[in-house]
Amino acid sequence: MDTIMNNITLGKQGIPIERLNDYIDLLDTKKFIQEHGNDQIIGKNFSLSGGQQQIIAILRNIFVNKEVLIFDEPTANLDRIVKQNFMAILEELKPDHTIILITHDRDLESKFNKIMLSA
């Protein structure tokens, strides 16, 4: 159990906080994070919805800024606008990262250079 921002950063160094805040805005999470602040403990003071959990996981993955970013069904619980913004973030990250995306979402297929299908 910990705060939202500590769940995103895991107490480690990553991308600049200003850039993380831009992604938080794009994924329509700023108001949610501000409402719960740093004094609210996930699992103790409040719970996250499936979509909120998914966005926190996406932000955590982006924050660590590894060369290879892996997303597993990242858009499953996102609304249309947040999904479009997530796709824009992927476009921004593509030049500097290898992105592995596991998805059934056909909208994401056109965003990548190589697609592997499994039976």
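Residues that are part of a helix (DSSP H, G or I) and of a type in the set (G, A, S) were ranked within region 47-98; the one that is farthest from I4 (Cα to Cα) is A88.
Restricting region 5-27 to residues that are assigned to a loop (DSSP other than H, G, I, E, B) and aliphatic (A, V, I, L, M), the residue that is surrounded by the fewest Cβ atoms within 10 Å (Cβ to Cβ) is L10.
For region 42-54, the criterion of being closer than 29 Å to K31 by Cα, surrounded by 11 or more Cβ atoms within 10 Å (Cβ to Cβ), at pLDDT 90 or above and out of contact with any strand residue (DSSP E or B) (no Cβ under 8 Å at 6 or more places or on another chain) is met by none of the residues.
Pairing residues of region 67-81 that are hydrophobic (A, V, I, L, M, F, W, C) with residues that are part of a loop (DSSP other than H, G, I, E, B), at Cβ distances under 6 Å and at least 6 apart in sequence or on separate chains, gives L69/H97.
Go through the residues of region 80-101 one by one and say whether even a single one is loosely packed, with under 14 Cβ neighbours inside 10 Å, β-branched (V, I, T) and touching a strand residue (DSSP E or B) at 6+ places or on another chain (Cβ under 6 Å). Yes.
The values are calculated or read from the model by the stated rules, or taken from the named source; none is laboratory data. This is a predicted model, so every value here is computed, not measured. Cβ: placed from backbone, ideal geometry, glycine included. Neighbour counts: every protein chain shown.
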